[in-house]
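Asks: Can you keep this structure in mind? I'll have questions shortly.
Just so you know, all these numbers are worked out from the coordinates, no wet-lab data involved. What you see is a predicted model; the values in this text were computed from it and never measured. We place every Cβ from the backbone using ideal geometry, glycine too, and count neighbours over all the protein chains shown.
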């Protein structure tokens with residue numbers, strides 16, 4: 001390769017660029033994987049509902065309902081909607097949830113059984 | 001609050017119609033992180049909020065329909081524009097060449113850009129339409145690729161149902177690595193072959209003194 005033509009040179013440059021690009025994202029992928037390995041909890045986002053937060057953080061859903069003063073029944077609404085209904089900012093609601101989550105995990109004692117529903121629905125028909 | 005948050009919140013409140021609408025619009029070319037949406041949908045299938053077959057059917061249908069719209073539009077409108085420009089600058093031969101290339105390799109490109117390098121999807125739709133890639137073959141590759149994409153991402157969401165953001169974050173980066181590797185392989189091959197044989201296209205010297 002005494003005097004490589006411009007075409008050959010441009011292919012080489014493109015190859016080097018693509019390698020740099022790939023290397024950059026490869027390093028980033030590994031870094032993100034390591035990050036997530038050590039950060040088991042993902043940040044709570046406004047789109048999540050209490051069911052997902054409970055599932056993701058592995059805490060009983062009723063703890064989160066209680067923290068926001070909501071009745072003990074399934075609630076599919078995203079945190080954003082709950083915040084709007086309660087006239088609070090999303091950040092405030094997320095902070096309340098995080099606080100509740102911290103207090104049901106070690107070193108705090110486990111939360112125990114869920115409280116009885118406020119108005120007993122007609123469940124469990126006896127045979 | 002970001003658009004992603006808004007759309008995902010809407011998905012929780014209104015369910016599958018939102019999934020359908022967003023995927024349809026995005027497949028037609030509007031950029032939005034829909035793979036996150038599919039992962040979230042998979043997570044909610046695992047939690048019993050959605051039914052698996054419904055999510056797969058709705059998402060696949062929306063994706064294929066969106067691609068067909070993009071293909072149709074670029075074939076109908078894009079082709080006229082390209083032809084006009086080509087005639088003006090005298091690039092008819094090059095356009096013909098690009099067309100035959102797309103016809104030969106387009107199937108694989110369509111298939112891979114549906115599920116592996118989804119960032120290229122809208123561009124491949126555009127190119128296929130403009131190059132008049134045969135519609136039936138486009139449809140076939142599109143359906144196979146999109147159904148695979150939906151099953152893959154919903155499945156990942158189902159398996160990692162409590163860590164959707166982490167999974168999506170890693171997958172997003174990994175996609176670019178895969179795309180880069182594909183490019184590196186193609187360019188590496190070109191580099192190798194340009195070293196092996198004297199440059200034919202730029203130099204027309206007889207290959208005596210090499």
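Asks: Mind running the shape call on the range B:10-89? Use the C-alpha gyration tensor, a ≥ b ≥ c as the square roots of the eigenvalues: rounded below 1.5 for a/c, prolate if a/b tops b/c, oblate otherwise.
Replies: Cα axes put the range B:10-89 in the prolate bin.
Asks: Using alpha carbon coordinates only, what is the Rg to Rh ratio of chain A, with Rh defined as the Kirkwood radius?
Replies: My calculation puts Rg/Rh at 1.35.
Asks: Round to a whole angstrom and tell me the spacing of the C-alpha centers of the range B:1-49 and the range B:125-201.
Replies: Taking the Cα centre of the range B:125-201 as reference, the centre of the range B:1-49 is 22 Å away.
Asks: Let me make sure I get this right: for the range B:5-44, a, b and c are the square roots of the gyration tensor eigenvalues over alpha carbons, sorted descending. Under 1.5 in a/c it's rounded, otherwise prolate if a/b > b/c, else oblate. Which is it?
Replies: prolate
Asks: If only Cα atoms are counted, what is the Rg of chain B, and what is its Dmax, in Å?
Replies: Taking only Cα atoms of chain B, I get Rg and Dmax of 20.7, 73 Å.
Asks: Compare B:191, B:58, B:81 in a GNM of chain B, Cα atoms joined below 10 Å, and give the one with the largest fluctuation.
Replies: Result for chain B, Cα springs under 10 Å: B:191 fluctuates most.
Asks: Further question: Using only DSSP helix segments of four residues or longer, with each worth -39500 (n - 2.57), what per-residue ellipticity at 222 nm results for chain B after dividing by its residue count and rounding to 500?
Replies: Result for chain B, helices only: -26000 deg cm²/dmol.
Asks: For A:108, B:153, what ranking results if the residue with the fewest other Cβ atoms within 10 Å of its Cβ goes first? Can you show the working numbers first?
Replies: Working: A:108 9, B:153 25.
Lowest to highest Cβ neighbour count: A:108, B:153.
Asks: Counting other beta carbons within 10 Å of each Cβ, put B:182, A:48 in order, fewest first.
Replies: Result, fewest neighbours first: B:182, A:48.
Asks: How do B:53, A:47 rank when sorted from fewest to most other Cβ atoms within 10 Å of their own Cβ?
Replies: Ascending Cβ contact count within 10 Å gives the list B:53, A:47.
Asks: Now a separate question. How tilted is helix A:6-38 with respect to the longest principal axis of chain A? Cα atoms for both, answer in degrees (0 to 90, nearest 10).
Replies: Approximately 20 degrees, to the nearest 10.
Asks: Would you kindly give the portion of the calculated P(r) for the protein assembly as shown that falls above 32 Å, as a percent of all Cα pairs?
Replies: Value for the protein assembly as shown: 47 percent of Cα pairs lie more than 32 Å apart.
Asks: Moving on to the next point. Mean-square fluctuation check for chain A, GNM, Cα pairs under 10 Å: which of A:77, A:45, A:28 is largest?
Replies: Greatest mean-square fluctuation among the candidates belongs to A:28.
Asks: Now, a different point. Is the shape of the range B:131-198 best called rounded, prolate or oblate, per the rule: a/c under 1.5 gives rounded, else a/b larger than b/c gives prolate, else oblate, with a ≥ b ≥ c the square roots of the Cα gyration tensor eigenvalues?
Replies: Oblate.
Asks: Under a 10 Å cutoff between Cα atoms, tell me which one of A:54, A:33, A:100 has the largest fluctuation in the Gaussian network model of chain A.
Replies: Top of the fluctuation ranking is A:33.
Asks: Would you mind checking the tilt of helix B:135-159 against the longest principal axis of the Cα atoms of chain B, expressed as 0 to 90 degrees and rounded to 10?
Replies: That works out to roughly 50 degrees.
Asks: Could you tell me how many degrees, from 0 to 90 and to the nearest 10, lie between the Cα long axis of helix B:52-73 and the main elongation axis, the longest principal axis, of the Cα atoms of chain B?
Replies: So the inclination is approximately 40 degrees.
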